[in-house]
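Report on the structure given below.
The values are calculated or read from the model by the stated rules, or taken from the named source; none is laboratory data. All of these numbers come straight from a predicted model, not from anything done at the bench. Cβ coordinates were reconstructed from backbone atoms using ideal geometry, including for glycine residues, and neighbour counts include every protein chain displayed.
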Amino acid sequence: MPVPTSKVLFRNVSILDSTGADPYPGDVLVENNRIASVGTVDPDAAAGARVIEGRGRTLMSGLCDAHTHFSWNNSADLDGLGTMPVEEHLLFCLESARTYIDSGYTMCLGAASAKERLDVVCRDAINAGRFPGPRYLANGPEIAVTGGALIPSITKFADGPEGMRKAVRELVGIGVDQIKLSMTGEEITGTLRAEDTYFSDEETAAAVAEAHRRGKRVCAHARSAESVKMCVRNKVDIIYHASFTDAEGMDMLEANKDWVFVAPGLNWLVATLYEAESFGFPQEAAEAVGYKKELEVAIEGLREMHRRGIRVLPGGDYGFAWTPHGTYARDLQHFVELLGFTPMEAIISATAWGGEIMLQPDELGKVQPGYLADLLLVDGDPLADITILQDHDRLNYIMKDGTFHKEPSTDTAPSPDPANMPATATERLVQQRA
Amino acid sequence: MTLLICRTCPRYDARASGEFGRRLTAAIAAIAAIAEIAEIAAGEPDAPVAIRNVQCLGGCPEDGVVAVDAPGKARIRFTGLTESYAEAILAAAAAHHASPSGLPADWAVPTELAGHLSSVTVKRLPGRLADPGKLTAP
């Protein structure tokens with residue numbers, strides 16, 4: 001059970017603050033739900049605080065998944081997302097939300113819901129403190145045009161500009177935070193090609209204009225070169241996948257990098273190509289329908305986006321049998337090993353840029369005074385080995401909004417050598433005052 | 001080198017016991033203790049084998065799943081294991097570590113594990129990675 005506290009002092013931690021600075025030793029004081037001070041903490045301010053002995057462990061921001069589907073139910077086939085009855089499906093979504101925060105994810109951006117209100121109900125239940133979960137921006141069913149639905153049973157169909165406006169209005173009416181457009185195909189469907197674009201410019205423009213008019217953002221399943229350009233032309237805020245971005249699209253993304261986000265969902269491509277055989281989709285089949293080519297092209301393009309300073313965020317379409325919930329941090333490993341991010345860049349993309357995509361850049365994603373206290377105390381150095389974040393045992397403490405979601409019943413982190421224990425910044429301050 | 005151990009297996013066990021991961025991790029720690037590889041037993045990040053108890057490795061129908069992995073090297077997954085394979089798993093991790101690419105063609109997969117190899121995930125980097133083709137254990 002979460003333990004509410006009014007003051008918590010993380011003492012002698014390695015502060016990975018997501019500003020780009022190298023980690024440094026110090027203390028961090030949390031007051032109520034915000035970070036009060038970082039580095040050197042005034043002992044008077046820390047009076048009465050509950051003290052967590054960091055013993056050199058890493059204190060960092062909670063992570064963000066920019067492409068979240070609470071309602072993707074670890075199915076071994078696409079249709080399985082639509083056949084689960086709503087009652088069981090809601091329970092599954094609440095379990096997904098808990099799994100996200102158990103995995104160190106305190107920020108998630110919904111990328112579509114398999115039924116109309118699943119995301120919205122989960123968000124509201126989390127915000128009300130009824131169930132554990134990350135901060136969540138909820139989505140509705142993805143909108144597709146006739147003949148362009150990846151999974152018809154979970155799709156909201158709309159055609160033409162007027163149809164788009166109506167669909168957006170209906171979703172805004174149920175309380176979503178953003179709108180999802182499913183603009184292109186997906187090779188695993190067997191019939192809808194990733195390089196084919198089903199939306200028209202007029203439909204995209206109408207959907208975006210209506211959403212923005214109502215203060216909602218738009219995200220899009222956009223694998224084809226044309227769809228990426230259509231997204232940028234029409235101000236789609238978040239582009240998912242962007243696998244086949246061409247030179248013109250790359251220039252457009254770069255020219256608009258102050259507002260556009262790209263979240264490729266890279267693990268879907270990797271795992272579907274290499275690791276889905278146990279669920280009836282062998283590598284040969286994945287290659288035959290084009291996933292090998294798509295992965296190669298996507299990696300080239302995403303590396304170029306990174307080189308040009310376009311914000312590429314982790315978040316991986318998790319929730320299929322071979323990409324199950326709880327494995328989210330594998331995306332960070334892909335960013336380092338496949339996209340050429342340094343571990344620091346991967347962590348910034350999952351934290352500081354997470355705060356940006358959550359629309360709270362001055363409150364989320366950094367260990368800085370005044371920021372909301374969404375924190376992880378990690379046993380180890382994720383800059384030395386990014387895979388540490390995949391091991392939940394290494395996430396010793398998980399705090400969201402100043403309240404512990406996870407804390408060990410007994411803290412078994414190794415004690416420092418008493419003969420060689422440096423004074424904390426706070427202790428030095430006390431000594432200076434003495 | 002990194003040894004990834006599933007902490008969920010068997011996924012389809014309604015009790016969600018995760019007993020495979022616990023038993024295998026304990027078995028490896030016991031071997032490490034006997035071998036005086038204290039870093040493994042203590043889970044130190046700079047140990048010869050860094051153990052990661054991960055949520056899932058996607059080989060669930062044949063529960064008992066591990067994978068060996070390293071930066072820039074292919075991730076090799078084995079399924080259908082129990083803690084009795086602990087010695088062979090450690091040997092695989094060491095052999096994978098010593099190989100240049102991690103691809104099974106580059107190292108001797110222990111005989112006990114040869115029939116359990118279930119995926120080879122290539123780290124596809126632009127213009128430099130060899131393609132292992134299909135899954136084959138030597």
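To keep it simple, each residue is scored yes or no on (1) more than 7 Å from every other protein chain (Cβ to nearest Cβ); (2) touching a Gly at 6+ places or on another chain (Cβ under 9 Å); (3) modelled with pLDDT under 95.
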{"residue": "B:Arg75", "(1), (2), (3)": "yes, yes, no"}
{"residue": "B:Tyr85", "(1), (2), (3)": "yes, yes, no"}
{"residue": "B:Thr111", "(1), (2), (3)": "yes, no, no"}
{"residue": "B:Val120", "(1), (2), (3)": "no, yes, no"}
{"residue": "B:Lys134", "(1), (2), (3)": "no, no, yes"}
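Scanning the range B:1-35 for residues that are of a type in the set (A, V, I, L, M), in contact with a Ser or Thr (Cβ under 9 Å, 6 or more places away or on another chain) and touching a residue at least 60 places away in the same chain (Cβ under 8 Å) gives B:Leu4, B:Ile5, B:Leu24. Selection over the range A:285-311 of residues that are farther than 18 Å from A:Gly340 by Cα and in contact with a strand residue (DSSP E or B) (Cβ under 7 Å, 6 or more places away or on another chain) gives a count of 0.
Scanning the range A:129-166 for residues that are assigned to a loop (DSSP other than H, G, I, E, B) and of a type in the set (Asp, Glu) turns up just one, A:Asp159. Only residues that are closer than 15 Å to A:Leu338 by Cα and more than 10 Å from chain B (Cβ to nearest Cβ) were counted across the range A:268-281, and they come to 1. Just one of (1) farther than 14 Å from A:Leu63 by Cβ; (2) free of Cβ contacts under 8 Å to residues at least 40 places away in the same chain; (3) more than 14 Å from chain B (Cβ to nearest Cβ) fails for A:Glu284. It is (3). Hey, any hits in the range A:386-393 for a residue that's crowded, with 19+ Cβ neighbours inside 10 Å, assigned to a loop (DSSP other than H, G, I, E, B) and modelled with pLDDT of 95 or more? Within the range A:386-393 (the criterion being crowded, with 19+ Cβ neighbours inside 10 Å, assigned to a loop (DSSP other than H, G, I, E, B) and modelled with pLDDT of 95 or more), the answer is no, since none of the residues qualifies. Restricting attention to the range A:306-342, the residues that are surrounded by fewer than 21 Cβ atoms within 10 Å (Cβ to Cβ), within 19 Å of A:Leu383 (Cα to Cα) and more than 10 Å from chain B (Cβ to nearest Cβ) add up to 2.
Only one of the numbered conditions (1) over 17 Å from the mean Cα position of the chain (by Cα); (2) part of a loop (DSSP other than H, G, I, E, B); (3) more than 14 Å from chain B (Cβ to nearest Cβ) is violated by A:Lys366, and that is (1).
When A:Ala158, A:Ala138 are checked against the criterion of being under 13 Å from A:Ser113 (Cα atoms) and outside the structural domain of A:Leu372 (by TED's automatic domain parsing), A:Ala138 stands alone in meeting it. Residues considered: A:Glu187, A:Glu162, A:Glu116. Of these, the only one that is buried (at least 20 other Cβ atoms within 10 Å of the Cβ) and of a type in the set (Asp, Glu) is A:Glu187.
Of the residues A:Tyr328, A:Tyr318, which is at pLDDT 95 or above, among the aromatic types (Phe, Trp, Tyr) and under 19 Å from B:Thr2 (Cβ atoms)? Criteria check complete, one pass: A:Tyr328.
Only one of the numbered conditions (1) assigned to a loop (DSSP other than H, G, I, E, B); (2) closer than 19 Å to A:Ile238 by Cβ; (3) among the small types (Gly, Ala, Ser) is violated by A:Gly354, and that is (1).
When the range B:21-45 is limited to residues that are β-branched (Val, Ile, Thr) and surrounded by 14 or more Cβ atoms within 10 Å (Cβ to Cβ), the one that is modelled with the highest pLDDT turns out to be B:Thr25. One residue alone among B:Pro61, B:Pro48 is within 14 Å of another protein chain (Cβ to nearest Cβ), at pLDDT below 95, part of a loop (DSSP other than H, G, I, E, B) and farther than 24 Å from A:Lys292 by Cβ, and that residue is B:Pro48. Based on this model, can you work out whether A:Thr351 counts as in contact with a strand residue (DSSP E or B) (Cβ under 6 Å, 6 or more places away or on another chain), within 14 Å of chain B (Cβ to nearest Cβ) and buried (at least 24 other Cβ atoms within 10 Å of the Cβ)? No, not satisfied. As a summary of the residue check, B:Glu83 satisfies the conditions (1) surrounded by fewer than 21 Cβ atoms within 10 Å (Cβ to Cβ); (2) under 17 Å from A:Glu277 (Cα atoms) except for the one numbered (2). Among the residues in the range A:193-202, are any closer than 23 Å to A:Phe261 by Cβ and among the basic types (Lys, Arg)? So far as the range A:193-202 goes, no, none of its residues is closer than 23 Å to A:Phe261 by Cβ and among the basic types (Lys, Arg). A:Met252 meets the conditions (1) within 14 Å of another protein chain (Cβ to nearest Cβ); (2) assigned to a helix (DSSP H, G or I) in every case but one. The failed one is (1). Restricting attention to the range A:221-230, the residues that are touching a helix residue (DSSP H, G or I) at 6+ places or on another chain (Cβ under 7 Å) and either modelled with pLDDT under 95 or in a helix (DSSP H, G or I) (or both) total 4.
The numbered conditions (1) surrounded by fewer than 20 Cβ atoms within 10 Å (Cβ to Cβ); (2) under 30 Å from A:Leu372 (Cβ atoms); (3) in contact (Cβ under 8 Å) with a residue 40 or more places away in the chain are all true for A:Gly215 except (3). Of a type outside the set (Val, Ile, Thr) and either farther than 30 Å from A:Leu16 by Cβ or out of contact with any Pro (no Cβ under 8 Å at 6 or more places or on another chain) (or both): does that describe A:Ser37? For A:Ser37, the condition - of a type outside the set (Val, Ile, Thr) and either farther than 30 Å from A:Leu16 by Cβ or out of contact with any Pro (no Cβ under 8 Å at 6 or more places or on another chain) (or both) - is not met.
Within the range A:294-305, can one find any residue that is within 14 Å of another protein chain (Cβ to nearest Cβ), in a loop (DSSP other than H, G, I, E, B), touching a helix residue (DSSP H, G or I) at 6+ places or on another chain (Cβ under 8 Å) and under 19 Å from A:Phe335 (Cα atoms)?
Within the range A:294-305, not a single residue is within 14 Å of another protein chain (Cβ to nearest Cβ), in a loop (DSSP other than H, G, I, E, B), touching a helix residue (DSSP H, G or I) at 6+ places or on another chain (Cβ under 8 Å) and under 19 Å from A:Phe335 (Cα atoms).
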